[in-house]
Amino acid sequence: MDLNINKLFFAIALIAAFTAGALLSYIWVVGYYVSLELKAPKKPAISIYDFTVSVEDPTFFNISILNPSFSPNRVEILGIHVLTGDNIVHKITSTDPKISSEGYTLDIGASETFRCSWNWTKYTGQSITIIVLVKDGSGGALNIKLPLIEIKITSLEFNPEEGSQFNVTIENSNRSDDGIDLVNIKITDDNISYNVETYPSLPIRLNPSNSTTLTCKWNWFDHQNKTITLTVETLQGFIAEKIYKIPLYAILIIENVEFNPSDTSHINVTIVNPEKSLTQLNITDIRLILENGTTIMLMETEPKLPYIIGVNRRVTFTCEWNWSIYRGKEVTITVNTKQGYKTKIICKVPP
């Protein structure tokens, strides 16, 4: 009997304890919500809850903005800015939907996704801050890291035996977040740009950790000892650049052109490959360009063409050409080699 009474008292005490605990929990929760109610914002406070970009089109990003349900009233979005790691603030001037000068209205509990035009290729892989300004309220900020696209020019090779082309190797780093499409190779020298033809031909898809070697057709003989900028362009807008000084491999000089008054059916052309050159040259043709643009190939020469001229050597070619009918005229003499090197001189036929 006593045992049953003790069990009864224990059960009553346990129920009382649960009841008291529940009551205290209720009072604590109510107090918490009351405190939240007392601290409810008096001005709109937006939330930036989503950010997306596409490596395939790095000219824009999407940003989603929410005016929370606990906001006291609607909000007017005045503008969107981007703060980059170089401490430059970029104002987004074009959005869809458009943000007018009066602002863009977001009702309580409403959200909107804005497509913002901004080319972020220069900031690939870097952290940026998206800043949203609102009228009479608290704006928002979101720190994010842009996708990384890392393109490298790993080698640039100029072969002295091939003055009309060079090789370039391009790599899409294993750290890149996506593949890219190579579409153009450009060379800039003295502020003049040249688009070069490649083999294999472009475009070429280059996924992360992959590389390709291209043969670029460009006669670089006239650009020896100059500094060029090689630019690799992609369909997505990402680029890679390399500054390179082309060595001085070979020099070809027309030293003298002789018109012998006693022999008007021939001219003598003296050509030099000076000691500063690093390679012998294979002279393939000598030609004349008249004032009217007509080109005359000098086919009969002594010694015969093609002719290999060594380093620190000179040779005089006797070329068959009746110059008597061109007296007093100006002509351009051009010498070409198999390696792609060439030289020219402008001279005047004796009267």
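Read-outs: derived from the displayed coordinates by stated rules, not from any lab. These numbers come from a predicted model, not from an experiment. FYI the Cβ positions are ideal-geometry reconstructions off the backbone, even for glycines, and counts take in every protein chain you see.
Relative to the longest principal axis of the Cα atoms of the chain, helix 2-38 runs at roughly 50 degrees.
Restricting region 147-207 to GluC sites (Glu not before Pro) that sit in a DSSP loop and have at most 10 other Cβ atoms within 10 Å of their own Cβ leaves nothing. Put the Cα centre of region 191-226 next to the Cα centre of region 64-120 and the gap is 42 Å.
Among Thr332, Thr84, Thr95, the largest mean-square fluctuation in a Gaussian network model of the chain (Cα springs under 10 Å) belongs to Thr332. The slack between Thr59 and Tyr199, meaning 0.36 nm per residue of separation minus the straight C-alpha distance, is 47.5 nm. This ranking places Phe259, Phe317 by how few other beta-carbon atoms lie within 10 Å of each, fewest first, which gives Phe259, Phe317. Taking label points 7 Å from Cα along the Cα-to-Cβ direction, Arg74 and Thr284 give a separation of 7.5 nm.
Taking a straight Cα-Cα cut-off under 19 Å and skipping sequence neighbours fewer than 8 places away in the same chain, the aspartates and glutamates within cross-link reach of Lys135 are Glu76, Glu102, Asp107, Glu112. Near Glu102, once Lys and Arg are set to +1 and Asp and Glu to -1 for all other residues with Cβ below 14 Å from its Cβ, the sum equals +1.
Could you give me D for region 47-145, from Stokes-Einstein at 25 °C and 0.890 mPa s, where the hydrodynamic radius is the Kirkwood radius over C-alpha pairs? Units µm² s⁻¹, please. Result for D is 177 µm²/s. When Arg314, Arg175 are arranged by Cβ crowding within 10 Å, least crowded first, meaning fewest neighbours, the order is Arg175, Arg314.
Measuring between alpha carbons in the structure, the pairs from Lys122/Lys226; Lys276/Lys304; Lys186/Lys226; Lys98/Lys145; Lys91/Lys242; Lys152/Lys338 lying more than 23 angstrom apart are Lys122/Lys226; Lys276/Lys304; Lys98/Lys145; Lys91/Lys242; Lys152/Lys338.
Electrostatic bookkeeping for Thr188 treats Lys and Arg as +1 and Asp and Glu as -1; over the other residues with beta carbon under 13 Å from its beta carbon, the sum is -1.
For the chain, modelled as a GNM whose springs connect Cα atoms under 10 angstrom apart, the maximal fluctuation among Val55, Val269, Val168 occurs at Val269. Classify region 151-245 from the C-alpha gyration tensor, please: rounded if a/c falls under 1.5, else prolate or oblate depending on whether a/b exceeds b/c. Prolate, since a/c reaches 1.5 and a/b exceeds b/c. With a Förster radius of 35 Å applied to the beta-carbon distance between Arg175 and Ser100, the computed FRET efficiency rounds to 0.30.
The equivalent ellipsoid that matches the C-alpha gyration tensor of the chain spans semi-axes of 82, 25, 13 angstrom, in descending order.
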